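The values are calculated or read from the model by the stated rules, or taken from the named source; none is laboratory data. What you see is a predicted model; the values in this text were computed from it and never measured. Here the Cβ positions follow ideal geometry from the backbone for every residue, glycine too, while neighbour counts run over all protein chains shown. For accessibility, only protein heavy atoms count, side chains too; no ligands or nucleic acids. Shrake-Rupley method; radii C 1.70, N 1.55, O 1.52, S 1.80 Å.
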Amino acid sequence: MKFKTQKIAYWFFLSALMLFSLQIIYGFIMGFAHMGMDGLHDYIPFNTARATHTNLLVVWLILGFMGAAYYIIPEESQTELYSPKLAIIQLVAFLIVGVIAIGGFHFNWWEGRKFLEIPRPLDFLVVVDVLAFMFNILMTLFKGKRQTTTAMVLTMGLLFMALLYLPGMVWFDNHTLDSFYRWYVVHLWVEGVWELIMGGILAFLLIKITGVDREVIEKWLYVIVGLTFLSGILGTGHHFYYIGVPSYWLWIGGIFSALEPFAFLGMALFAINMYRKGEKKHPNKTALQWTLGAAVVSFFGAGVLGAAHTLPGVNLYTHGTLVTAMHGHMAFWGAYAMIVFAMIAYAMPNLTGRKHYDTNITRYAFWISNVGMIGMTTAFGAAGIAQVYMERIIGIEFMQTQVEIQSHFLVLVLSATVFSIGIGLYIYNFFQYGQPTDEALIKD
Amino acid sequence: MLTKSQAKLFFLAGTIIFSLIFLALSYDTTVNQLDEITHAENLSEEAIKGRIIWDENNCMGCHTLLGEGAYYAPELTKVVERRGAGYIKGALMSPTPWGEHTSGRKMVAYGFSEEEANSLVAFFTWIGEIETNGFPAKPAYEVEKIDTEVE
Ligand code: HEM
Ligand code: HEM
Ligand SMILES: [Fe+2]
């Protein structure tokens with residue numbers, strides 16, 4: 001690392017990985033419940049497990065993004081972080097709010113709004129916390145020696161993410177209206193501003209790892225985030241189709257969301273081409289593996305598997321089935337979990353001065369987790385397609401259909417076990433590095 | 001060849017143009033058309049109360065409504081039409097976990113009062129009348145209708 005304050009990132013990465021582990025445990029609870037083994041029902045009913053699983057996901061990814069920003073922004077701006085103390089306070093506060101929220105889910109304290117279950121009073125605390133984070137990042141940028149495109153795109157993504165949280169905090173009596181603005185948050189995050197964050201991190205990593213000229217990388221970064229917004233904003237329509245809106249959303253949502261995969265295709269081609277153009281001399285092959293992996297797997301998970309059910313004619317039958325869960329898993333994994341993993345894999349040797357990369361453990365962590373995720377995606381997909389045919393086309397009752405497809409959840413749980421072994425190895429490798437130290441400082 | 005500043009222009013112009021179109025369409029949808037499509041005039045006090053109960057208990061954490069939610073328990077958009085008010089109230093007021101023995105899944109035993117159950121039924125009735133562009137699609141076949149026994 002080049003600046004002492006970059007060390008702050010470590011604590012964000014550590015917290016992120018711990019919460020991710022907890023997320024996985026709740027995933028298993030749901031996997032078993034789908035098999036008819038709902039033994040924990042009295043203490044952790046399905047809706048509690050689900051809200052915990054998805055909210056932990058969002059919280060740990062955001063912690064990962066924050067950690068990435070605390071590492072990247074000082075290095076790009078060539079200055080120390082504005083206030084390391086504020087960063088620590090902001091981290092601890094974020095964790096406390098998160099723990100209260102997750103605890104609340106176990107005592108029926110929440111809002112029944114998919115992905116935004118955190119109760120309103122805590123929403124305000126989240127906003128204050130994110131403002132503190134943004135303040136720290138922006139102050140660092142302003143006092144910095146230079147403002148790079150990479151840093152600007154990353155910061156813009158983070159800032160828009162904070163702003164877009166607000167439409168999700170308004171109460172509407174009309175359920176359709178509530179859903180409509182809920183998508184302003186959920187969709188415009190994952191298929192909009194988070195792609196800026198992903199693009200920013202990706203560009204930073206490619207500049208560092210491939211050694212390709214910054215100007216070239218940043219030019220393509222603009223093209224990719226341009227494609228993202230060109231398709232993704234009106235693409236929000238793919239969530240509006242059937243919730244009680246004018247029918248023009250069918251074709252607007254259909255056409256524009258069908259273009260969304262091009263942004264992810266762009267990301268994949270970009271990463272692969274920069275790698276091929278580059279010098280291939282950087283020793284941290286582990287970071288490279290996760291970086292290229294994120295770009296490729298996100299194209300499959302988000303781009304291909306998203307496009308598979310995005311046209312209104314298909315979505316009419318798949319909407320709200322396990323087909324959606326199939327796509328949700330690989331998309332979140334490929335795009336956001338893997339880019340955070342790439343960032344951690346790149347940052348850890350620099351923060352600690354130790355070189356635990358490119359070992360058998362790191363290679364197994366990568367391949368085992370990805371093979372597990374492919375298995376999980378396949379299991380959800382098989383269950384989802386069977387569900388669509390049985391329930392939606394043949395007209396068999398919901399619960400009867402679910403009994404018929406239970407065996408796919410055995411495959412899910414087995415694949416999830418494989419996946420978890422990969423994640424376990426990744427976390428083991430993380431701890432091999434130990435804590436960051438000032439001795440790892442490098443003078444240019 | 002594309003230059004960096006052209007790429008930047010592409011990004012900024014695209015973002016601004018498509019954001020404006022999106023906001024204009026959102027305005028048209030929510031301000032001009034939504035009340036009619038959702039029959040907002042039928043949104044009674046009772047139905048709103050039902051929605052609050054729906055929200056406070058995170059029913060969407062197991063069920064889908066308008067196709068949104070979790071995939072653990074049945075789709076409820078047309079539940080009043082499908083099951084009738086009596087069956088729904090049975091599930092909501094049951095003091096023991098509601099569920100079919102074959103699936104192993106259970107619903108939380110909320111033990112709602114008659115009044116609360118009526119509010120939820122009013123909410124579902126309102127939801128069921130929203131014009132949804134054809135969702136849920138009518139199945140092409142009707143293989144079997146099963147009657148679940150009420151305990
Ligand atoms: C990294 C990016 C993405 C992530 C993390 C993601 C994640 C998700 C998640 C979690 C859902 C479930 C939402 C819900 O029903 O409440 C969803 C739904 C959906 N996604 Fe994505 N997605 C991504 C990109 C895409 C792309 C690029 C497309 C289209 C090409 C797409 C198409 C869809 C569609 C059509 C649905 C609605 C499914 C339904 O009707 O039930 N997604 N996505
Ligand atoms: C051990 C691993 C995991 C298991 C067994 C698991 C299982 C599940 C199950 C059963 C559901 C609920 C589907 C329903 O509503 O019925 C779910 C939802 C979800 N999980 Fe996982 N999961 C695991 C890991 C992950 C990971 C690693 C991610 C993201 C990177 C993730 C993201 C999600 C998302 C976004 C949803 C909501 C999907 C939707 O509503 O369409 N899960 N998971
Ligand atoms: Fe979307």
Filter result for A:THR378 (surrounded by fewer than 19 Cβ atoms within 10 Å (Cβ to Cβ) and either assigned to a helix (DSSP H, G or I) or more than 11 Å from every other protein chain (Cβ to nearest Cβ) (or both)): yes
Residue match in region B:73-91 (condition: away from ligand 1 (no atom under 16 Å from the Cβ), touching a strand residue (DSSP E or B) at 6+ places or on another chain (Cβ under 7 Å) and in the same structural domain as B:LEU120 (by TED's automatic domain parsing)): yes
Residue count, region A:385-437 (criterion: open to solvent by 30 Å² or more (accessible area, probe 1.4 Å), within 14 Å of chain B (Cβ to nearest Cβ) and assigned to a helix (DSSP H, G or I)): 12
Neighbours by Cβ (under 8 Å, 6+ apart or cross-chain): first from region B:74-102, within 10 Å of B:VAL121 (Cβ to Cβ) and among the polar types (S, T, N, Q); second open to solvent by less than 20 Å² (accessible area, probe 1.4 Å) and modelled with pLDDT under 95: none
Residue within region A:395-411 that is touching a Pro at 6+ places or on another chain (Cβ under 6 Å), away from ligand 2 (no atom under 14 Å from the Cβ) and free of Cβ contacts under 8 Å to residues at least 24 places away in the same chain present: yes
Region A:85-106 residues that are over 19 Å from A:LEU61 (Cα atoms) and among the aromatic types (Phe, Trp, Tyr), paired with ones that are open to solvent by less than 20 Å² (accessible area, probe 1.4 Å) and in a helix (DSSP H, G or I) (beta carbon under 7 Å, 6 or more apart): A:PHE105/A:THR48; A:PHE105/A:ALA51; A:PHE105/A:THR52
Residue satisfying condition, being open to solvent by 40 Å² or more (accessible area, probe 1.4 Å) and either assigned to a loop (DSSP other than H, G, I, E, B) or away from ligand 2 (no atom under 16 Å from the Cβ) (or both), within set B:ARG82, B:ARG105, B:ARG51: B:ARG82
Residues being facing chain B (nearest Cβ under 7 Å) and within 24 Å of A:TYR317 (Cα to Cα) - total across region A:214-235: 2
Residue ID - nearest to ligand 1 (Cβ to nearest atom), chosen from residues in region A:306-330 that are surrounded by fewer than 24 Cβ atoms within 10 Å (Cβ to Cβ) and aliphatic (A, V, I, L, M): A:ALA307
Tally of residues being in a helix (DSSP H, G or I) and within 14 Å of chain B (Cβ to nearest Cβ) across region A:284-337: 15
Residue list for region A:235-255, restricted to those being outside any loop (DSSP other than H, G, I, E, B) and surrounded by fewer than 22 Cβ atoms within 10 Å (Cβ to Cβ): A:TYR248, A:TRP251, A:ILE252, A:GLY254, A:ILE255
Verdict on B:ARG105 being more than 10 Å from every other protein chain (Cβ to nearest Cβ) and of a type in the set (Lys, Arg): no
Test: B:SER26 is under 17 Å from A:TRP183 (Cα atoms) and more than 7 Å from chain A (Cβ to nearest Cβ): yes
Test set (1) assigned to a helix (DSSP H, G or I); (2) away from ligand 2 (no atom under 16 Å from the Cβ) - A:LYS281 fails condition number: (1)
Qualifying residue in region A:276-287 (condition: in contact with a His (Cβ under 7 Å, 6 or more places away or on another chain) and touching a residue at least 24 places away in the same chain (Cβ under 8 Å)): no
Single condition A:PHE124 does not satisfy, out of (1) touching a Ser or Thr at 6+ places or on another chain (Cβ under 7 Å); (2) in a helix (DSSP H, G or I): (1)
In region A:127-153, residue farthest from the other protein chains (Cβ to nearest Cβ) [restricted to those that are in a loop (DSSP other than H, G, I, E, B) and among the charged types (D, E, K, R)]: A:LYS145
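A quick yes/no check of all residues on (1) closer than 25 Å to A:LEU141 by Cα; (2) within 12 Å of chain B (Cβ to nearest Cβ); (3) outside any helix (DSSP H, G or I):
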site	(1), (2), (3)
A:PHE13	yes, no, no
A:LEU17	no, no, no
A:MET30	no, yes, no
A:GLY36	no, yes, yes
A:ILE44	no, yes, yes
A:THR48	no, yes, no
A:HIS53	no, yes, no
A:TYR70	yes, no, no
A:GLU76	yes, no, no
Set A:ARG113, A:ARG50: member being within 22 Å of A:SER420 (Cα to Cα), among the charged types (D, E, K, R) and over 16 Å from the mean Cα position of the chain (by Cα): A:ARG50
Residue among A:LEU205, A:LEU230, A:LEU177, A:LEU196 that is in a helix (DSSP H, G or I), without any contact (Cβ under 8 Å) to a residue 40 or more places away in the chain and either closer than 30 Å to A:GLY278 by Cα or open to solvent by less than 10 Å² (accessible area, probe 1.4 Å) (or both): A:LEU230
Subset of region B:29-51 [over 17 Å from the mean Cα position of the chain (by Cα), facing chain A (nearest Cβ under 7 Å) and over 15 Å from A:ILE252 (Cα atoms)]: B:THR30, B:GLN33
